[in-house]
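Engineer: I have a structure here, written as structure tokens, and I will follow up with some questions on it.
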Amino acid sequence: MTARLATARKAKDPRPTREVILDAAERRFAERGFDGVSVREIATDAGLKNQASLYHHFKHKRALYEAVLQRGLEPIIELVASSATAGDASDPVLDRLVDYLASRPHLPRLIQRAGLDDTKELRATVIRLLGPLYNSGLEVLTGSGGRWASDEIPHLAVGLYHLIFGYFANAALLESVLNEDPRSKPALARQAQFLKVAVARLLG
């Protein structure tokens, strides 16, 4: 992409440059992981003149990666923490979570790929950012008064994570298997209803 085209692309997007960069980075990191993406690619996707412009907003590539994960995870953590009672089919949290994940199609795959980044520095970053989500989920499940023993709750939390996020992280695979777009409004409505029933049954 030439500098002229990059400038024209940026001019069409009224959002703050930082948000445009984060969106471009979220998409790229979700596709190929941290090591598979260059800052130059992200800068080009964001319509910047060069990668030096990106460093005005983020100190380095890892800082950008952390910002992308943090931006995506914070609303999810807040949603989980706001759940009135785990397993209550009338609780709107699952509907809101499905809506949120549907609006951020790259985020579930980004989270999935984050678990595959096995360098020491990135592993520490992932644990620090994903830890609050896991802990919040454990707290909600522990307080649900369900039939699960305390040593089973962590396994339940992991299972629910895969049940909810796996649908979105593997949407491309599901589309080829089911011959239907899993992100279509009817499919999402069915998935949201299924999740409420499934979680309610799991938690009794």
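Engineer: Could you pull out the residue among 175, 139 that is open to solvent by 70 Å² or more (accessible area, probe 1.4 Å) and either more than 20 Å from residue 107 (Cβ to Cβ) or touching a Cys at 6+ places or on another chain (Cβ under 8 Å) (or both)?
Structural biologist: Testing whether each residue is open to solvent by 70 Å² or more (accessible area, probe 1.4 Å) and either more than 20 Å from residue 107 (Cβ to Cβ) or touching a Cys at 6+ places or on another chain (Cβ under 8 Å) (or both) leaves just 139.
Engineer: Restricting attention to the stretch 79-98, does a residue exist that is under 22 Å from residue 24 (Cβ atoms), without any contact (Cβ under 8 Å) to a residue 12 or more places away in the chain and either among the basic types (Lys, Arg) or not in a helix (DSSP H, G or I) (or both)?
Structural biologist: Within the stretch 79-98 (the criterion being under 22 Å from residue 24 (Cβ atoms), without any contact (Cβ under 8 Å) to a residue 12 or more places away in the chain and either among the basic types (Lys, Arg) or not in a helix (DSSP H, G or I) (or both)), the answer is no, since none of the residues qualifies.
Engineer: Would you confirm whether or not the stretch 13-30 contains a residue that is modelled with pLDDT of 90 or more, in a loop (DSSP other than H, G, I, E, B), more than 29 Å from residue 116 (Cα to Cα) and open to solvent by 60 Å² or more (accessible area, probe 1.4 Å)?
Structural biologist: yes
Engineer: Under 6 Å between Cβ atoms, which residue pairs at least 6 apart in sequence (or on different chains) link something in the stretch 119-142 that is within 19 Å of residue 78 (Cα to Cα) with a partner that is surrounded by fewer than 16 Cβ atoms within 10 Å (Cβ to Cβ)?
Structural biologist: From residues that are within 19 Å of residue 78 (Cα to Cα), the pairs are 129/70; 136/81.
The values are calculated or read from the model by the stated rules, or taken from the named source; none is laboratory data. If you're wondering where the values come from, they're calculated on a predicted model, not measured in any experiment. Here Cβ is always computed from backbone atoms with ideal geometry, including for glycine, and neighbour counts include all displayed protein chains. Please note that ligands, DNA and RNA were not included when accessible areas were found on the heavy atoms of the full protein model with its side chains. Shrake-Rupley method; radii C 1.70, N 1.55, O 1.52, S 1.80 Å.
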